Amino acid sequence: MERAIILAAGLGQRLVDGKPYPKPLQPVNGVPLIVRVLRSLEHAGVKEVAIVIGHLGDVLIEGLRKHRFDLEVRFVWNREFHKPNGTSLLKAKDFVAGPTYLLMSDHLFSPELIRRVRRYPLALDEAVLGVDFKIGACFDLPDATKVAIAGDRVREIGKELPRYQALDTGVFRITPAVIEALERAEGPDGCSLSDGIGELASKGRMRVVDVEDAAWIDVDTPDAHTEAERLLSRYGQSLCPMPAAAARRRAAAMPAE
């Protein structure tokens, strides 16, 4: 049975500062961000999900009780939510018994993105990240996490890389190797997910897979929120871009202005 972890413990100040609910409950076209993430996992066939909660976690739990899902949802508390996101992942380390999807609660994506990551053959001591080579199509490139690649392996990852070939979509499939790397990096100030990914990359064990035309967006700011609503209006609730041939047929059938 396939599993996923969603990191949802942070403050999300750029999007929901001053609001009485956490960022994952921010509506996008009337549906909370995290509900859309869970629906995409449902459509991709994932059956078990652990959500790491922290800031306003009780409000998040109560908000999700209003929705029904065809998957098992459990909550893992991170009381140290002021620390980096690697610390959040470590709170759910027991959930990573084998290959497990790792997602961010503020990234919307098509279920096809999960399927592309799933199809990548993954060794027991590796992890894989879905990456987007369509750099020019990124809505907020300065804020995107860049990935320098050698073949199908991550060489470097970070927001400030001067040279890179792809963008991090926020959809990973990890193994216990990532947890072990984070445990080695954990200190009084916590650790970031980049610490674990960087260690695997240094050993040639952090892979990438091209998400091709699968749509995604990081909803981190009010402008990105507006863009996410536009994409949903254009592509539908599952963010599935129309195949090129179908798009041409639809355009040809539209009356001329």
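The values are calculated or read from the model by the stated rules, or taken from the named source; none is laboratory data. Note that this is a predicted model, so its numbers are computed, not measured. No Cβ is skipped: glycine too gets one built from the backbone with ideal geometry, and neighbour counts run over all protein chains shown.
Quick notes on this one:
- Residue in region 182-200 that is in a strand (DSSP E or B) and under 15 Å from THR100 (Cα atoms) present: no
- Cβ-Cβ under 7 Å pairs, at least 6 apart or on other chains, region 138-163 side under 15 Å from GLY198 (Cα atoms), far side of a type in the set (Phe, Trp, Tyr) and at pLDDT 95 or above: LYS146/TYR164; VAL147/TYR164; ALA148/TYR164
- Any hit, region 29-43, residues being in contact with a His (Cβ under 6 Å, 6 or more places away or on another chain), in contact (Cβ under 8 Å) with a residue 60 or more places away in the chain and not small (Gly, Ala, Ser): no
- Among residues of region 114-148, those that are surrounded by 14 or more Cβ atoms within 10 Å (Cβ to Cβ) and within 26 Å of VAL96 (Cα to Cα), counted: 17
- Residue count for region 35-58, restricted to those that are more than 13 Å from LEU71 (Cβ to Cβ) and in contact with a helix residue (DSSP H, G or I) (Cβ under 6 Å, 6 or more places away or on another chain): 2.
- Residues of region 51-74 satisfying the condition of being surrounded by fewer than 22 Cβ atoms within 10 Å (Cβ to Cβ) and touching a residue at least 24 places away in the same chain (Cβ under 8 Å): HIS55, GLY57, VAL59, GLY63, LEU64, HIS67, PHE69, ASP70, LEU71, GLU72, VAL73, ARG74
- Among the residues making up region 7-19, those that are farther than 18 Å from THR100 by Cβ and either modelled with pLDDT of 95 or more or crowded, with 17+ Cβ neighbours inside 10 Å (or both) are GLY10, GLY12, LEU15, VAL16.
- Complete set of residues in region 147-164 that are out of contact with any strand residue (DSSP E or B) (no Cβ under 8 Å at 6 or more places or on another chain) and either small (Gly, Ala, Ser) or closer than 13 Å to ALA127 by Cβ (or both): ALA150, GLY151
- Enumeration of residues in region 203-214 that are of a type in the set (Gly, Ala, Ser) and modelled with pLDDT of 95 or more: GLY204
- For region 198-211, residues that are buried (at least 20 other Cβ atoms within 10 Å of the Cβ) and out of contact with any helix residue (DSSP H, G or I) (no Cβ under 7 Å at 6 or more places or on another chain) total 3.
Residues checked against (1) of a type in the set (D, E, K, R); (2) within 24 Å of LEU193 (Cα to Cα); (3) surrounded by fewer than 23 Cβ atoms within 10 Å (Cβ to Cβ); (4) in contact (Cβ under 8 Å) with a residue 24 or more places away in the chain:
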| position | (1), (2), (3), (4) |
| --- | --- |
| TYR21 | no, no, yes, yes |
| ASN78 | no, yes, no, yes |
| LYS83 | yes, yes, yes, yes |
| THR100 | no, yes, no, yes |
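- Scan region 26-61 for residues that are charged (D, E, K, R), over 14 Å from the mean Cα position of the chain (by Cα) and assigned to a helix (DSSP H, G or I) and the total you get is 2.
- Every residue from region 23-40 that is more than 15 Å from MET104 (Cβ to Cβ) and either surrounded by 20 or more Cβ atoms within 10 Å (Cβ to Cβ) or of a type in the set (D, E, K, R) (or both): ARG39
- Near pairs, Cβ below 9 angstrom, 6+ apart or cross-chain, from region 232-246 (at pLDDT below 70) to any residue that is surrounded by 14 or more Cβ atoms within 10 Å (Cβ to Cβ): MET242/TYR235; PRO243/ASP213; ALA244/ASP213
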